[in-house]
Amino acid sequence: MHGSSDVGRLVDRRPSVTPERLIAQLIPPPTFADVSFDSYKPDPAEPSQAAAVQACRRFCEQAVQRRAGKKKLFGKREVLPGAGVYLDGGFGVGKTHLLASSYYAVSGPAEFKRAFATFGELTQLAGVFGFVECIDLLSDYVLVCIDEFELDDPGNTTLISRLLSALVERGVSIAATSNTLPEQLGEGRFAAQDFLREINTLAAMFTTVRIEGPDYRHRDLPPAPEPLSDAEVAERAATVPGATLDEFDALCAHLATMHPSRYLSLIEGVSEVFITGVRPIDDQSVALRLVSLTDRLYDAGIPVVASGAKLDTVFSTEMLAGGFRKKYLRATSRLLALTAAGQAGRTIT
């Protein structure tokens, strides 16, 4: 057994991300590498879940038909505008599973290109390549999937709306998921209305599909585990090959030194993340960077073991009452799933 001094640290990593790497990352995360419509298990008590599967299957057929276009005189083809589907629902109802399944269902010849990105990754792509270049880059794709369309950033939402409008005109179909709050599920399709208002140029082509149900991550999940001591975390880290061990404040400071588009490279090859000294955050910028890291850890299925404050107390009550409430609640849900996996010594499924 190695001493804890032999355990690697995330703060010692300085990843760089090339534009080529950004393009290569436009695929479903490892957690959803093997999903399909057949592997989605609708809750019998929630008929909207089975209906959503059928709606996504129809959308995929449409996407392929629209990209193929329609024949005109002399054998030429006219490109048809892309189709759109918007999966609206709370946390943990399987929206990302269905989005990734749509990605895999739209298959065909080599020229059938597809992209899968979080909303944040898409804004990063537009930032790296430029708006016009990003349109050129994606305009021959059959399908662009956007996970967790963010409605709390008007600037980026407007940017991505313009980007998607241009892509749809060129025959690209768009599938997106929402980040609706669980308690807003009964409020007259709140998120769907917000979404369609924000992207009013696209509203006519989007079919909104409502998915009801409780968060599957919490169906059999105990509350946040009691944190270990710093010494216990360090001891456990030393027994796990490929683990990293970081102090919470130092890790948060390190995240500030790089763009969130690098976080995926930051955790590449890491088997488990150990963190000591977790405490509540009162700085919005720090909190949002932690949300981005949590999303990457969750996507990669990397368990977390921590000491200090319970992980469901990291985002303060004041923060949960603010504009980024949706992001913080999603991150908390995912942190609980990651720490449950860490306690059990297993990866996320």
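General observations
- Residue match in region 271-282 (condition: open to solvent by less than 30 Å² (accessible area, probe 1.4 Å) and on the phi > 0 side of the Ramachandran plot): yes
- Of all residues making up region 283-309, the number that are closer than 28 Å to H97 by Cα and part of a loop (DSSP other than H, G, I, E, B): 3
- Odd one out for D6 among (1) touching a residue at least 24 places away in the same chain (Cβ under 8 Å); (2) surrounded by 11 or more Cβ atoms within 10 Å (Cβ to Cβ); (3) not hydroxyl-bearing (S, T, Y): (2)
- Taking the conditions (1) within 27 Å of Q25 (Cα to Cα); (2) in contact with a Leu (Cβ under 8 Å, 6 or more places away or on another chain); (3) among the hydroxyl-bearing types (S, T, Y) in turn, T257 satisfies each one other than (2).
- Test result for E150, at pLDDT below 85 and open to solvent by less than 20 Å² (accessible area, probe 1.4 Å): yes
- Among the residues listed as G84, G90, G171, the single one being on the phi > 0 side of the Ramachandran plot and either at pLDDT 75 or above or touching a Ser or Thr at 6+ places or on another chain (Cβ under 7 Å) (or both): G171
- Meets criteria (open to solvent by less than 30 Å² (accessible area, probe 1.4 Å) and modelled with pLDDT of 90 or more) for L251: yes
The values are calculated or read from the model by the stated rules, or taken from the named source; none is laboratory data. Please read these numbers as outputs of a predicted model, since none were measured by experiment. All Cβ positions, glycine included, derive from the backbone under ideal geometry; neighbour counts span all protein chains shown. The accessibility values were calculated without ligands, DNA or RNA, using every heavy atom of the protein model including side chains. Shrake-Rupley method; radii C 1.70, N 1.55, O 1.52, S 1.80 Å.
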